[in-house]
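*Asks:* Attaching a single structure in structure tokens format; questions to follow.
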């Protein structure tokens, strides 16, 4: 290669290097600006997201426990539940404690039926300090539309008395533990013909939740706010 050719090759390589470096610098600047914009957007919307999540929690709680039933701040008087197999829960969840004039009124917590027709059925349950199930609602499910989804009062055709309201106000004093089953299984509670599996799963989960709350009620109310309940005695 002649000297002029070598110079030209060097010039071209230098030009390519400059272009590559300039492109890399532009990409880096774009990444930094985009990251800063995303961080700013997150910071700006974080309070709105948190407020929306809080509103959704309060809405779900309000479906099982009327706001007039208590006078404390539920969000502040909450504890963490470690995974509770008896409730069908594999992850940490929150439990809210309702009080009036400092006196325990109810426990509100999540539960799950793992044996729905189409899998897991999420629940939120309110159990009174007197041991009665105040109300229970389905939060998530994949049951068959128009058949098994009547477990959700929004899908139940009986708007006057949705299926899931038959549990309201009942405890083991009214319905013995062994009767906390659907009628097809020899229990107390109704089910829709042809869609027993969904009803059975929710009914059984409700009975387990009631028994769990009865067993642990005093310890759950006694824990300090933001405490953690493991479900077993601490050595």
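The values are calculated or read from the model by the stated rules, or taken from the named source; none is laboratory data. The shown structure was predicted, so the numbers you read here are calculated from the model rather than taken from an experiment. Cβ sites come from the backbone with ideal geometry, for glycine too, and all protein chains shown count toward neighbours.
*Asks:* In this structure, does residue 200 turn out to be at pLDDT 95 or above, farther than 29 Å from residue 76 by Cα, assigned to a helix (DSSP H, G or I) and in the same structural domain as residue 104 (by TED's automatic domain parsing)? Even if it seems obvious, please write down each step before you answer.
*Replies:* Working: at pLDDT 95 or above: yes; farther than 29 Å from residue 76 by Cα: yes; assigned to a helix (DSSP H, G or I): yes; in the same structural domain as residue 104 (by TED's automatic domain parsing): yes.
Here the answer is yes, as residue 200 does meet what is asked.
*Asks:* Anything in segment 92-120 that is more than 18 Å from residue 231 (Cα to Cα) and either surrounded by fewer than 17 Cβ atoms within 10 Å (Cβ to Cβ) or modelled with pLDDT under 95 (or both)? List them, or say none. Write out each step before concluding.
*Replies:* Applying the first criterion (more than 18 Å from residue 231 (Cα to Cα)) to segment 92-120 yields 98-106, 113-120.
If the condition is that a residue be more than 18 Å from residue 231 (Cα to Cα) and either surrounded by fewer than 17 Cβ atoms within 10 Å (Cβ to Cβ) or modelled with pLDDT under 95 (or both), then 100, 101, 102, 103, 114, 115, 116, 117, 118, 119, 120 are the ones that fit.
*Asks:* Examine segment 42-60 for a residue that is within 27 Å of residue 207 (Cβ to Cβ), touching a strand residue (DSSP E or B) at 6+ places or on another chain (Cβ under 7 Å), at pLDDT below 95 and not assigned by TED's automatic domain parsing to the domain that holds residue 127, and state whether such a residue exists.
*Replies:* For segment 42-60, residues within 27 Å of residue 207 (Cβ to Cβ), touching a strand residue (DSSP E or B) at 6+ places or on another chain (Cβ under 7 Å), at pLDDT below 95 and not assigned by TED's automatic domain parsing to the domain that holds residue 127: present.
*Asks:* Just need a number here: residues in segment 123-153 that are in a strand (DSSP E or B) and either at pLDDT 95 or above or touching a helix residue (DSSP H, G or I) at 6+ places or on another chain (Cβ under 9 Å) (or both).
*Replies:* Here is the first cut: in segment 123-153, the ones in a strand (DSSP E or B) are 123-128, 133-140.
Retained after the next criterion (residues that are either at pLDDT 95 or above or touching a helix residue (DSSP H, G or I) at 6+ places or on another chain (Cβ under 9 Å) (or both)): 123-128, 133-139.
Residues meeting the conditions: 13.
*Asks:* Sticking with this one: Would you confirm whether or not segment 165-177 contains a residue that is closer than 16 Å to residue 131 by Cβ, over 22 Å from the mean Cα position of the chain (by Cα) and part of a helix (DSSP H, G or I)?
*Replies:* If we filter segment 165-177 for residues that are closer than 16 Å to residue 131 by Cβ, which is where we start, we get 167-177.
Remaining after also requiring over 22 Å from the mean Cα position of the chain (by Cα): 169-177.
Narrowing the set further to residues that are part of a helix (DSSP H, G or I) leaves 177.
So far as segment 165-177 goes, yes, one or more of its residues are closer than 16 Å to residue 131 by Cβ, over 22 Å from the mean Cα position of the chain (by Cα) and part of a helix (DSSP H, G or I).
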